[in-house]
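Notes to accompany the following structure.
The values are calculated or read from the model by the stated rules, or taken from the named source; none is laboratory data. All values reported here derive from a predicted model rather than from experimental measurement. FYI the Cβ positions are ideal-geometry reconstructions off the backbone, even for glycines, and counts take in every protein chain you see. The area values use the complete protein model at the heavy-atom level, side chains included, leaving out ligands, DNA and RNA. Shrake-Rupley method; radii C 1.70, N 1.55, O 1.52, S 1.80 Å.
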Amino acid sequence: MERVRNAFSVIFYIRRKAMNKKGQVPIYMRLTVKSVRIDSSANRMILPEMWHEGKGRAYEKDSYHRELNLYLDAMKLRVMQIHREIQLDGEHLTARRVLDKFLGKDIQRWTLIEVFREHNDRCQKLKGIDMTPSTVQKYESCLKHTQDFMRQFYGKDDMYLDELDRKFIEDYEFWFKTEKKCNHNTSTKYLKNFKKIIRIALNNDWLKVDPFRDIRFHLEPVDRDFLEQHELKKVYEKQFDIERQEIVRDVFVFCCYTGLAFTDTKQFTPDHISIDIYGNKWIRKPRQKTKNMCNIPLLDIPLLILEKYKDHPSCVSKGLLLPVPSNQKMNSYLKEISDQCGIRKTITTHTARHTFATLTLANGVSIENVAKMLGHSDTKMTRHYAKILDSSILRDMENVNKKLTM
């Protein structure tokens, strides 16, 4: 009795009453699971006289009917495989469950915004743990741009993942450059962020074909500004009547003399300062971005800046060493400062890091030591920051001149 209740069978039959104008009838598949049966079309037609009722197959009198039987055999085999998979997975076994899985109805069609939103929600929970607020905001901006692009280009608020193709990526890049007026590098960075969402979909088998296949990203070389020694001296010695400008200037100069990135400076606490056996003070802090350790000796000017703000209310209340404003405010005020100092360069918080790398290398510090202070895992990244100064060229050529004269 138990064997009958758990019986599973797959048979094929024809519906003679559903004959078409050519005299053909449809073939149906019948699944039976635990005495419950369910029927589904096999999407094939046949002349009634070519159907063997007892065997549930076509008479193999020609190649067409032989191929038809092979098609029905493949259907049956797949259904039997699905039945076995459900049993092994311990899922609730029903005829409807088997048929739905065979027809693909149980597979959720994820949409692009669903995957993007789930990813960003996870990032939000990791903020301050494994992700910086700026990284979280970066993905939120990318999501908004993606939604705006789909509305403008496709007239949709969302799209199924399997609707994405190479043309979608090419249109997206075109939209960034034309509608958003982004340059090549900015457009490429947005597409790289977007590619992470596609990679998640591919890894979870929600998307079968990679729309980024054969697309290679490259960033165009950018000649970033940095301050030369006389320019940095001018900024440091400039007197400001407005407190916010003075604070921004001091934070910026501190970064120029330490190479700390903005995020690391904003998180800078007394725990990140250590004293060696000779009494020298060092910054020992893992970079927020890469977790690589920075080892930076504190020079006189950054030490004076830290001393200046040790009793600042904001530092005391938050347990920080510097009252660092937001990155947006820093960059806005730095523009004011560069104008007042007569410096015709685009200065941002990241300019300080380039300035540190350039000035240390120009003054004879080895690139390996600069890489260690910047928290780089190797010198390849450090070379992006390095600039050749006229003073360095002149110094080296003077040495050459001395040797040739001798």
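What aspartates and glutamates sit close enough to LYS55 to cross-link, taking a C-alpha to C-alpha distance under 20 Å and skipping anything fewer than 8 places away on the same chain?
Answer for LYS55, where 20 Å is the Cα cut-off: ASP39, GLU67, ASP73, listed by chain and number.
Taking R0 as 51 Å, what's the FRET efficiency between ASN369 and ARG78 from their Cβ-Cβ distance, rounded to 0.05?
Rounded to the nearest 0.05, the efficiency is 0.20.
Starting from segment 68-144, pick out the trypsin sites (Lys or Arg not before Pro) whose DSSP state is loop and whose Cβ has at most 14 other Cβ atoms within 10 Å.
Hits after loop and neighbour filter: LYS105, ARG109.
Give, in nm to one decimal, the length gained when the segment between VAL400 and GLU67 is fully stretched (0.36 nm per residue of separation minus the Cα-Cα distance).
111.4 nm
Once you sort the root eigenvalues of the Cα gyration tensor of segment 260-373 as a ≥ b ≥ c, which label holds: rounded (a/c under 1.5), prolate (a/b larger than b/c) or oblate (the other case)?
Judged from the Cα gyration tensor, segment 260-373 comes out oblate (a/c at least 1.5, b/c at or above a/b).
Take the alpha carbon gyration tensor of segment 286-338, find the square roots of its eigenvalues, order them as a ≥ b ≥ c, and report rounded if a/c is under 1.5; if not, report prolate when a/b exceeds b/c, else oblate.
Because its axes are fairly even, with a/c under 1.5, segment 286-338 counts as rounded.
At a Cα cut-off below 29 Å, give the lysines reachable from LYS238, other chains included and same-chain residues fewer than 8 away excluded.
In chain and number order, the partners are LYS266, LYS281, LYS308, LYS310, LYS318, LYS329, LYS335, LYS345, LYS387.
So with the 1.4 Å probe, I'd like the accessible area per residue for segment 1-94, rounded to whole Å².
67 Å²
Expected output is a single nm value to one decimal: the length gained when fully extending between ILE11 and ASP205, i.e. 0.36 nm times separation in residues minus the C-alpha distance. What is it?
Contour length minus Cα-Cα distance gives 66.7 nm.
Starting from the Kirkwood Rh over alpha-carbon pairs, what translational D in µm² s⁻¹ does the chain have by Stokes-Einstein at 20 °C and 1.002 mPa s?
The calculation lands on 77 µm²/s.
Between LYS289 and GLU170, how many nm apart are label points set 7 Å from Cα along the C-beta direction?
Distance between the two pseudo-spin positions: 3.3 nm.
By how many degrees, 0 to 90 and rounded to 10, does the Cα axis of helix 184-203 deviate from the longest principal axis of the chain?
Relative to the chain, helix 184-203 is tipped by roughly 40 degrees.
With a 1.4 Å probe and all protein chains left in place, how much of the accessible area of the chain comes from carbon and sulfur atoms, in whole percent?
51 percent
When only DSSP loop residues count, what GluC sites (Glu not before Pro) in segment 199-239 have their Cβ near at most 14 other Cβ atoms within 10 Å?
Nothing satisfies the criteria.
Relative to the longest principal Cα axis of the chain, at what angle does helix 112-126 sit, 0 to 90 degrees, rounded to 10?
That works out to roughly 40 degrees.
So what is the relative contact order of the chain, in percent, for Cα pairs below 8 Å that sit 6 or more residues apart?
Contact order relative to length: 10 percent.
Counting each DSSP H run of 4 or more residues in the chain as -39500 (n - 2.57), what helix-only mean residue ellipticity at 222 nm follows after dividing by all residues, to the nearest 500 deg cm²/dmol?
Mean residue ellipticity at 222 nm (helix-derived): -16500 deg cm²/dmol.
Along Cα→Cβ, 7 Å out, is where each label goes; now give me the distance between the ones at ILE275 and GLU91 in nm to one decimal.
Here the modelled spin labels are 6.6 nm apart.
If a paramagnetic tag sat 7 Å from the Cα of SER35 along the Cα-Cβ line, which residues of segment 84-103 would have the backbone N under 18 Å from that point?
93-96
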